[in-house]
Amino acid sequence: MASYFCLDNPDVLTLETHIVAARPGRVVLAESPFYPGGGGQLPDRGALAWAGGEAAVTGFENEGGQLWHLLEEPVELTSDTVEARVDAGFRRVMRALHTDLHIVNAVVFQGFDGALVTGVQMNGDGTARIDFDLASADNDRLRAIEDEVNALIRQDLAVRQHHVPEADAFAEPGLIRSRSVAPPPTDDGQVRIVEIVGLDRQACGGTHLASTGGSPPIRVLKIDNKGRHNRRLRIGLAGDL
């Protein structure tokens, strides 16, 4: 896993940086404020601007350890310097949803016998789904976590990050919450841990709010049974960011 600039600097949404490689319709930047997506979080939206031009960033590809920024047009940049601009509104939605999903995850993990996550997907419309390995659970009880989650949002708990060696991450119970995947380690064998202070610690590679109070309340929109062991919760932001 690359050590993305955006994870250490989530509030830096505009950055002047240098092009280190270029092909028609794609570039590699020396530093990038963009989050390329992963773990159910959508990639950032935004644009690159340079002297005499601008193009929307439509996606990302990792090739040989280099993160290519894909542009909406097959332009070939000759400028040495560009300004990378992340869509602030979209990033806020992703940060809020990802933080809220950690709260949901913590509440279900603690209240339903350590149920593990089997899948996550965040959407640009302020909704998300999270799937749990729950063979038997009362849907009304699951729906009732809405009040507990919103109480934790209102507490405005600090959210912080640090890294631990990969072996330590797998050795600590509850730090790896997914049934099938875990955030890949950095090149030096470290796993990023996101902590909601006083509530939860778990391995994660996405962007989050600085504190839970930065999110509006959530609503539990729907609960589905997806197979014998899979329970899907659909949530949505219930207010403006």
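Just so it is clear, none of the values below were taken in a lab; they were calculated from the coordinates. If you're wondering where the values come from, they're calculated on a predicted model, not measured in any experiment. Cβ placement follows ideal geometry from the backbone for every residue including glycine, while neighbour counts extend to all protein chains displayed.
What the table shows:
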item	result
Environment charge of R91, counting only residues whose C-beta is closer than 10 Å and scoring Lys/Arg +1, Asp/Glu -1	0
Calculated from backbone phi, Karplus (6.51, -1.76, 1.60) coupling profile of region 90-98 in Hz, x at Gly/Pro	5, 4, 4, 4, 5, 5, 5, 4, 5
Residue-averaged 222 nm ellipticity for the chain, from DSSP H runs of 4+ at -39500 (n - 2.57), nearest 500	-6000 deg cm²/dmol
FRET efficiency, 1/(1 + (r/R0)^6) with R0 25 Å, evaluated for D8 and A49 via beta carbons	0.60
Most mobile of A128, A115, A55 in a GNM of the chain (Cα contacts under 10 Å)	A55
Gained length - R219 relative to D240, 0.36 nm times residue gap less alpha-carbon distance	6.3 nm
Charge context of A128, other residues only, Cβ under 13 angstrom, K/R +1, D/E -1	+3
